[in-house]
1. Normalised by the number of residues in the chain, what is the relative contact order in percent for Cα pairs under 8 Å and 6+ residues apart?
2. Sort 11-17, 42-48 for me by packing, meaning the mean count of neighbouring Cβ atoms within 10 Å per residue, highest on top.
3. Between Arg84 and Asp62, what FRET efficiency follows from the Cβ-Cβ distance if R0 is 30 Å, with the result rounded to 0.05?
4. Would you please give the FRET efficiency between Met1 and Lys49, computed as 1/(1 + (r/R0)^6) with r the Cβ-Cβ distance and R0 = 22 Å, to the nearest 0.05?
5. Apply the Karplus parameterisation 6.51 cos²θ - 1.76 cosθ + 1.60, with θ equal to phi minus 60°, to every residue of region 61-77 and state each ³J(HN,Hα) to the nearest whole Hz, in sequence, with x for glycine and proline.
6. I need Leu55, Leu61 ordered by Cβ neighbour count within 10 Å, fewest first.
7. For labels at Lys12 and Arg32 in the simple 7 Å Cα→Cβ model, what's the distance in nm?
8. Order these by the 10 Å Cβ neighbour count, fewest first: Tyr75, Tyr25, Tyr7.
Amino acid sequence: MLTRIPYGNALKEEDFIKIEKAEKYIMDRGFRAIRVRCHDDLARIEVDKQDKGKLFNEDLLDEISDKLKEFGFKYVTLDLEGYRVGSFNETIGNK
């Protein structure tokens with residue numbers, strides 16, 4: 001779960017709870033390779049590149065956004081590059 005929080009951010013129990021609920025919810029909707037990265041009150045969803053087309057359904061996007069907001073996120077975004085291991089590593093040295 002630590003890989004869902006940006007380097008240097010405070011580790012808060014409530015963030016881990018939001019992430020766990022969000023990932024379980026999206027997996028229950030039929031997505032397997034997903035990550036929900038937590039940027040404070042913003043959820044950045046990464047899905048497997050093969051599943052991106054499946055996600056681009058307006059009703060499904062609205063449903064996921066509403067549910068993640070119920071879990072405590074204020075903003076819900078989709079990472080257009082899709083799921084990739086170590087996406088936070090891309091920020092190291094870029095500050």
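Taken together, the values in this text are just the output of simple stated rules run on the coordinates, not laboratory data. Just so we're clear, the structure is a prediction, and the values are computed from it rather than from any experiment. Here the Cβ is made from the backbone with ideal geometry for all residues, glycine too, and neighbour counts use every protein chain on show.
1. Working: 108 pairs, mean separation 28.6, N = 95.
After rounding, I find 30 percent.
2. Values: 11-17: 12.3, 42-48: 19.9.
The packing order, highest mean first, is 42-48, 11-17.
3. Working: r = 26 Å, r/R0 = 0.85.
E between Arg84 and Asp62, to the nearest 0.05, is 0.75.
4. Working: r = 23 Å, r/R0 = 1.04.
It comes out at approximately 0.45.
5. Once θ is set to phi - 60°, the couplings for region 61-77 become 4, 4, 4, 5, 4, 4, 5, 5, 5, 4, 6, x, 7, 8, 10, 10, 10 Hz.
6. Values: Leu55 19, Leu61 14.
With the sparsest Cβ surroundings first, the list reads Leu61, Leu55.
7. 3.4
8. Values: Tyr75 13, Tyr25 17, Tyr7 10.
If I rank by nearby Cβ atoms, fewest first, I get Tyr7, Tyr75, Tyr25.
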